[in-house]
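Inspection log for the structure reproduced underneath, given as structure tokens.
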Amino acid sequence: MVFSRIMGAWLIAICLFAGISPSFAQGVLGVTATNDRVGRAPSADAAGEADEVQRTNQWTVGLVGGLLEGAYLRFAAEISRAVDDGENMRVLGIMTKGSIQNVHDLLYLKGVDVGLVSADTFDDIIKAGKIRSITDRLQYITQLHVNTLQLLVRSDIKTIKDLAGKKVAVAKKGSSSAALGIKVLKKEGVKADVHMIGWTNGFQKVKTGEFAGVFTAFVKGQTTIFSSIDPKSGMHLLPISFDKYADEYYVPIFLDHKDYPNLIAEGESIETLGSPVVLAVYNWPRGTDRFRKVARFIEYFFKRFDTLRKPPYHPAWKEINLAAKVPGWKRYWYAEEVLKKYLKKRAAGGIKLNAEERKILSSIKNTEQKRQFREFLKWKKEHKPH
């Protein structure tokens, strides 16, 4: 300490003699003329804010989404907004590399409680066998939207086979769409020069002709980076046949003129693959602190799900079936309990029925007619004169 002060004083004196700023000497030695130790900020506890720390963390849940340009992050943000209840429930939407990264984070990253995961990612992990007891550790709350794989190519590419030896862009490493794009190329026996540079960069390189194609994944019906393509550009979407993927976690999707008026002619359609996305959660046992947070999140999610089905939220929420079962996955036991209560309440239309109304409802066999009758009863109750 004393030696440091002496050396600092000598160096400052030399700098003054040489016409050099003393601050230079202070920076070199890490000393100052008046203070030889950097002050440390007090912790929240030391500052008497322990109660604030407790309140802030008590009901805060971490939700891993995806890349900025993808649908995962938007859905995570909308969930966060819909279930927000101040200190009673707060969800932090987290930007990540995508589905594969989300599985890793749900298993190992502190502060991550829930995440969006593609069903095919889970299947690939199970087949790889590198993570023990994955089906017991990672489960789902509900199925969400379906991600649609789309392959945009330049004018000279007529089939997937034409991509052989050419540059093709996919999403960044860690995303399910990147893995699926590579899987499609392998199943087609195409050895392309694949670059994980993301959709936006890949799209720009296809526009300039540097790349032959780009794989993307969007939700059918949403406006995408392809929506404003000039039909005279020659760029077009290639079909991906579902036949080779019928035994996996995919569903057939058909893009049509309504999806892309500039790329698909009226009356035509393009076949491709869709990958269901789930809201995944770690299988926390009852009584743990993490279970306590996740349980409240699940309750809020189901309670406010109808809010998500209205504007300004993504239109795809209207297509989501909370009761849908996801092959190969187990529904988290607490989510199963809350879902049963939600469906029971919804079956009654959220209202109490008298004997005559119950009799009429039980006599209706058509599911859609039942729903309409419940909606009518609900409307009648809400507009009943007081």
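Since every read-out is calculated from the coordinates, none of them should be taken as a lab result. Keep in mind that this is a model prediction, so the values were computed, not measured. When we count neighbours, we look across all protein chains shown, and the Cβ atoms used for this are built from the backbone with ideal geometry, even at glycine.
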Note to self: C-alpha centroids of segment 72-95 and segment 98-168 sit apart, in Å, by 22
Can you give the FRET efficiency to the nearest 0.05 for A323 and S43, using r as the Cβ-Cβ distance and R₀ = 45 Å?
0.45
Around Y140, with a cut-off of 15 angstrom between Cβ atoms, what is the net charge of the other residues, counting Lys and Arg +1 and Asp and Glu -1?
-2
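Sorted by average packing, counted as other Cβ atoms within 10 angstrom per residue and highest first, what order do 274-284, 188-198 take? Don't jump to the answer; show the numbers that get you there.
Working: 274-284: 22.5, 188-198: 16.1.
Highest-to-lowest ranking by the protection proxy: 274-284, 188-198.
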Peptides 285-298, 248-261 ordered by average Cβ neighbours within 10 Å, highest first:
248-261, 285-298
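Peptides 129-137, 147-155, 103-111: what's the order by average Cβ count within 10 Å, highest mean first? All intermediate terms of the calculation are to be shown ahead of the outcome.
On the way: 129-137: 10.7, 147-155: 23.0, 103-111: 14.8.
Averaged packing, sorted descending, gives the order 147-155, 103-111, 129-137.
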Simple SL model, points at 7 angstrom along Cα→Cβ for E336 and R81; separation in nm is 3.4
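Multiply the residue separation of R137 and T223 by 0.36 nm, subtract the distance between their alpha-carbon atoms, and state the gained length in nm to one decimal.
Working: separation 86, 0.36 × 86 = 30.96 nm, distance 3.57 nm.
Contour length minus the Cα-Cα distance gives 27.4 nm.
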With Cβ to Cβ distances under 14 Å as the rule, what net charge do the other residues near I100 carry (K, R +1; D, E -1)?
+2
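If you average 1/r across every pair of different Cα atoms in segment 121-166 and take the reciprocal, what Kirkwood value do you get, in Å? Numbers along the way, then the final one.
Details: mean 1/r = 0.0688 Å⁻¹.
Evaluated over segment 121-166, this radius sits at 14.5 Å.
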For K365 and T288, what is the calculated FRET efficiency with R₀ set at 51 Å and r taken between the beta-carbons, to the nearest 0.05?
0.70
